[in-house]
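Below is one structure; the comments refer to it alone.
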Amino acid sequence: MTAASTERPSLDARMVTFELGDRLYGVDVRAVQEVLRGQPLTRVPLAPPGLAGLINLRGQVLTAMDLCERLGLPPRPPDAPEPMVVVVRVDGESIALLVDRIGGVVDVSDDNVEAPPDPLTGPTPHLIQGAYKLEGELLLALDVERAVYLPQEVIRPGISRAEVG
Amino acid sequence: MHDTGLDDIVQEFLIESHENLDQLDRDLVALEQQPESRELLASVFRTIHTIKGTSGFLAFHKLEAVTHVGENLLARLRDGQLSLTSAITDVLLSMVDTVRELLASIEADGTEGDADVEELVVAIAAVLEGVPRTSTRPEVEVEVEVEVIEPFPAESRRTVADASIRVDVDLLDALMRLVGELVLTRNQIAREAGQAPGSELAGAAQRLNLIAGELHEGVMKTRMQPIDHLWSKLPRVVRDLGATCGKEVNLTMVGRETELDRSLLESVKDPLTHLVRNAVDHGLEAPAARVAAGKPAAGTLTLRAYHEGGQVVVEVCDDGAGIDPARIAGAAVAQGLCTRAAADAMSRADQLQLIFAPGFSTATTLTHVSGRGVGMDVVRTNIEAIGGTIEIESVLGRGTTCRLRIPLTLAIVPALTVECAGDRYAVPQVNVLELVALDADRALVEFEEVNGAPVHLLRGVPIPLVNLAEFLQIGSGRPDGQLLFAVLQAEGRRFGLVIDRVLNTEEIVVKPLSPRLKTLGTFSGATILGDGRVALILDVQSLARRALPAEPLERTGAQAAEETQEAPDRVSLLLATVGGGRRVAIPLSSVTRIEHLPATAVEVVGSREVVHYRGAILPLLRLGGDSAAPSELPSDVLSVVVYTAGARSVVIAVDEIVDIVEADAEVPGDLDVRGAILAADARFYELEDAL
């Protein structure tokens, strides 16, 4: 058994998949609230990196996370098509994940789970719960709670330049 | 709703008691099944205890007598000194029945009726002493008595308990959120419909507008509670405090029925209690000192609440010694809150404001009442946190007034939307004093650097400027060199917030930010604008704290002194052109809004023109007479100034706002107003071109 299986009794799951860069990621379908087309994004000045901005989901203001930043992937090029949005629920709060493309829903089982190869997990291996071998590609299972966690560092805007420098 | 003329306290007591009695019935029955349950006994005890307490307070003596002995019995049971027998259950149940009857009688005619409770009291007392119950009277008679008291149900009248229901506050919050959504959607539809006047859509939008407005009001009302909920606890506080401090206090309350949002009521509780304590402890003098000063020995503390301009005003006034600004300044200097020179240079009003400085205290000794370092600064912080303001006025020897202004609700607030670096932000209107635009030439000239921070001299008063783009670390700046800033007030300080553009004033629906953004502290929430995009709401208090230097007052001594001498004789005037290029000056203190209204908002009633404005109908005044001069605005838009004097408002049509100027209070010149329409105390100055 892999190291990941010690965290969960079973890795049989149904995953919503999406692409980021050229990789396939998945989140547990139970955590997913809905999937949306690109939404106008309002940036939040002084926000920690990884926080992409705010979107309006039918009158609710959601925080949008840029997963590229979180997973250590290169930033989305400015001319890229509008990102898609996967809305997940974490601790009762709805959070929007910005992704490149939506895949589909796949059933995965313990049988084809394996430890993700190092080069694929990037600098943040703890965000990946495990990898599933699908036909011809590898599905990286994302730990949603960790992926949307923002360090609550004290941010002090308005410090004079001299102090920063 | 009811014709019995019961006052609110009794109403509430009845509702509460009815609910409690239902619970009591269930508990007593359950108690028979498990006579040893302390929990059930404690619950029953609490219920009876509550009824006893309130009935004593409301002087329902029979009710009090019955519940009093009942409570004793229950206390014995609860403490295990007696154990529950069926005889005891019987008297308890008949006690509940009697309480019910008394309550019914109170509800019917406000009195306890002529029911005789002596028998029951004796019966309970007998059980208490362990005497067998048979000795008093046969049970049958009790039954008979019950029937006599029972009010005959001649008509099916709703009882107080049936006419109202308790609703979970969360549900009300959810409703309020939905109404907020509806208001936004309505705004969007109204915008669409505005492009096709006369269409079916426009008619439907009009109806939607009405319904949404009424719904909004209705849901707001469900959340409103009279301020008396807070005040009702204060007489006791004042009494106890007066006794502790050796002062006699008469407490007067005016406007108990003034309502405000329930959540705000909670937030106002502590600041208000603090102000009341302060007034009794510091404000009022000891009786001997009062008599020596020629005042009655008992001080008067007046609480006043009223609605004004979409806000609730709460005043705490005492007729005590008043606050000596010099003493406040002295204490502030002693505590190192400002320098002696700065304090001496301040106007008396500004010295008084030092009372709000963090850490300020005048108490020389610690009492348990006040002087523990938690002072007026905390009061102000709490009030500003809910979008309110606080001001203090004091006349030496005559008394002090603290005035809180609190928004009616937190969910929907008026705000100014501005643009900075291509993003839109909302600034709560309550913080906005005025907007200033300087063209490139003046922007360069009327600028000073004080300690490295940019300062603008606004009508001679230095105002520190904070560049929003720089503060948020986003690139910006207007390429044309114009300088535009909003003068904001928070934390007792004024500053100019430099922005790129001013977009609109609108009612915004406040959405909470994700907890993960709370630590930023710069934004108090978010809102959704008419086009569906999210805009952040600036936290002006936080901005003032972080972006401004720590010195409480920026002005230099000389300037402040100069201002002190000038201030009383000068008045701010709004200059506007009216028909025929004439200029009028309107005292700025009376101007509540400057607006652009659609021409369709004007209606003719009789021989007068009126305007529908914010749910009210106000008379429209055209100072230019009939010779309407060509305006820069398209003819279907009306530029107006909303002028308020006392409780009355009038809308004045103007061609163009020219400037705001300072002038001597006694401006010579003729009053040129078509005074017949105007409220008598409205004064206008028509200034000649000299200005």
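Some notes on this structure:
- Restricting B:ALA65, B:ALA59 to those that are surrounded by 16 or more Cβ atoms within 10 Å (Cβ to Cβ) and either within 26 Å of B:VAL10 (Cα to Cα) or among the hydroxyl-bearing types (Ser, Thr, Tyr) (or both) reduces the list to B:ALA65.
- Taking the numbered list (1) touching a helix residue (DSSP H, G or I) at 6+ places or on another chain (Cβ under 7 Å); (2) at pLDDT 85 or above in turn, B:ALA286 passes all entries but (1).
- Tally, over region B:56-84, of residues that are free of Cβ contacts under 8 Å to residues at least 40 places away in the same chain and in a helix (DSSP H, G or I): 9
- So B:SER43, is it in contact with an Asp or Glu (Cβ under 7 Å, 6 or more places away or on another chain), closer than 19 Å to B:ASP116 by Cβ and in a helix (DSSP H, G or I): no
- Considering residues of region A:12-36 that are among the charged types (D, E, K, R) and over 16 Å from the mean Cα position of the chain (by Cα) only, the residue farthest from the other protein chains (Cβ to nearest Cβ): A:ASP12
- Any hit, region A:100-115, residues being assigned to a strand (DSSP E or B) and free of Cβ contacts under 8 Å to residues at least 60 places away in the same chain: no
- Residue ID - nearest to the chain's Cα centre (by Cα), chosen from residues in region B:86-117 that are part of a loop (DSSP other than H, G, I, E, B) and of a type in the set (Asp, Glu): B:GLU112
- The set of residues in region B:499-522 that are touching a Leu at 6+ places or on another chain (Cβ under 9 Å) and more than 13 Å from chain A (Cβ to nearest Cβ) comprises B:ILE499, B:ASP500, B:ARG501, B:VAL502, B:LEU503, B:ASN504, B:THR505, B:GLU506.
- Of all residues in region B:456-481, those satisfying the criterion of being modelled with pLDDT under 75 and within 13 Å of another protein chain (Cβ to nearest Cβ) are B:GLY475, B:SER476.
- Within this structure, B:ALA453 fails the test of being modelled with pLDDT of 75 or more, aliphatic (A, V, I, L, M) and surrounded by 14 or more Cβ atoms within 10 Å (Cβ to Cβ).
- Only one of the numbered conditions (1) in contact with a Ser or Thr (Cβ under 6 Å, 6 or more places away or on another chain); (2) more than 8 Å from every other protein chain (Cβ to nearest Cβ) is not met by B:GLN489, and that is (1).
- Residues (under 20 Å from B:ASP539 (Cβ atoms) and either in the same structural domain as B:ALA174 (by TED's automatic domain parsing) or hydrophobic (A, V, I, L, M, F, W, C) (or both)) located in region B:415-443: B:ALA415, B:LEU416, B:VAL418, B:CYS420, B:ALA421, B:ALA426, B:VAL427, B:VAL430, B:VAL432, B:LEU433, B:LEU435
- In region B:282-308, of all residues being buried (at least 19 other Cβ atoms within 10 Å of the Cβ) and more than 18 Å from B:THR389 (Cα to Cα), the one that is nearest to the chain's Cα centre (by Cα) corresponds to B:LEU301.
The values are calculated or read from the model by the stated rules, or taken from the named source; none is laboratory data. Values in this document were obtained by computation on a predicted structure and should not be read as measured data. Note: ideal-geometry Cβ built from the backbone for every residue, glycine included; neighbour counts use all protein chains shown.
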